1. Using alpha carbon centroids, what distance separates the range 326-380 and the range 469-494, in Å?
2. Using the structure shown, list the pairs from K337/K368; K170/K322; K148/K368; K387/K452 with a Cα-Cα distance above 28 Å, or answer none.
3. Between D146 and S71, how many nm apart are label points set 7 Å from Cα along the C-beta direction?
4. How large is the Kirkwood hydrodynamic radius of the range 234-282, counting all unique pairs of alpha carbons, in Å?
5. At most 15 other Cβ atoms within 10 Å and a DSSP loop assignment: could you name the GluC sites (Glu not before Pro) in the range 317-395 that fit?
6. Which value in nm describes the separation of the simple spin-label points at D465 and T254, placed 7 Å from the Cα toward the beta carbon?
7. Test of understanding: what is the full-extension gain from D374 to R222, defined as 0.36 nm times their sequence separation minus their Cα-Cα distance?
8. Run the simple label-point estimate for R382 and N478 please: 7 Å along Cα→C-beta, distance reported in nm.
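FYI, it's all coordinate maths here, none of it is from the lab. Computed from a prediction, not measured in an experiment: that's the story for all the values here. Note that we place each Cβ from the backbone using ideal geometry, even for glycine, and neighbour counts take in every protein chain shown.
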Amino acid sequence: MKRGTIIGATGGLIAGVSLGALALAAPSFALFNHSASLAAPAAAQLALPAMSQQARWGNLPNLADLVAAVSPSVVQIQVRSSSPVQKSQFNGRNPFEGTPFEEFFGNGAPGQGQGQQGEAPDRFGSGSGFFIEGGYIVTNNHVVDDAKKMTVVLEDGRELIGTLVGTDPKTDLAVLKVSGNNIPRGLPWGASTNARPGDSVFAVGSPFGLGNTVTAGIVSARGRNINSGQYDDFIQVDAPINQGNSGGPLFDQTGSVIGVNSAIYSPTGGNVGIGFSIPSDMAKGIVAQLIAHGSVERGWLGVGIGPVTQDIASSLNLASTKGAMVQSVTDGSPAAKAGVKEGDVILHFGEREIAHVQDLTRAVADTKAGTTRDLKIMRDGRPQTLKVNIDALKDDAAKPVLASATPDAVAGATLNLSDLGLGLTAGDGGVLISSVKINSPAADAGIRVGDKLVKVNQASATTPDAAKKAVDEAKKQNRNAVLLQLQRDDTRFFVGVPFSGG
């Protein structure tokens, strides 16, 4: 099966685009079994709240007036950037010099290929954007990344030169500014937190460089993580979004911007009804910082975190999989100073509940440096509250430096943990994984030969015998799984490994 791909919805102008007609009609439903009666017995009908048919299925609004009001504030951004290859592998020399093919590959004269200096032609692309205030334009970072020149094309055909104000690659947002007369009005931000799956939305942008194009659909899901970065919190929509729509606005039914269109999921590069928008509640704060400072300051806690899987929850006797598990703590970080330890499960940061890893990442990032927050954790089965003073995140923030364990270090006698499918041996100053049985619980958990076993159920595993004793103790406590801390290269992480049949 061919897998789909998450791609930024930015693209250049293409020729030969055919556009199918969009027909808006009331939804119709048909049964797959054509021999069945369309009138189901009353007892078999789905019980629905009492409401009119119109309210039940929704009202398809006429968007023309809204589109006419907001469209002038949506722009196309044409970008010229340097080619990533500026020198040829032949150091500027024509590899066909002295052959009959020399004239086809250029000798430095204008219009004759790369020339003697091996300079590649600039690249051209386009995306979308929208005005918010005073000539400021919001778009995606990937639209303007490495741009030499940015031309902003208004709906009325005017072209203005854009100046970069600031970018935030971590959230894929950027702000430009243009000057001139009769600059279109800024669009209002809406509250993305109020958007629910099923709500009607519409997008305006420049797919394939065609100029302002309107598409409509619904919110398909909230809080999507597409593994594009640690701050993923996308709104998923089925409104057709294609290459060139990146940076354009996603509107609710009042004409307020509730998202910035950023990416699509596509097996082919075209729209398949799955698009992703950066929520306005995140974007407007980032944009405000970019306008004020040209960059974004984020809070820093100083922990490596991972999800609480069902197996990890079982190994710790936790009631649910909510929370973020601390995999590592950076020396000298706010977390270290507050007393956070590896294996802690963070449940609340200030007043914000941490249901998933991304909740903690975003909560810390939104916290101003110098602010103190209560950190509610679960440690050794008991809840605790720590106070942490958040620092500013720096790109060169220190990371834990760990000794590396490699498969080559595995040697010596093996102790087998058959219930887990693991073999252990002494080495590298501790305990190494010497074997992993195929299709065993350990293999399913992603454990590899050469991984170093650091802890079992949060107790240090200094020898294979000590590790086995801790595993046996977990079985005596009738736990369904055992918690292992492992080290691979320079990274430490926890996994929950169920007992065979557990």
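1. When both Cα centres are located, 23 Å separates them.
2. K148/K368; K387/K452
3. 3.5
4. Computed over Cα pairs of the range 234-282, the Kirkwood hydrodynamic radius comes out at 10.8 Å.
5. Here the GluC sites (Glu not before Pro) that fit, given the DSSP loop and packing criteria, are E351.
6. 7.1
7. Between D374 and R222, full extension yields an extra 52.0 nm.
8. 2.4
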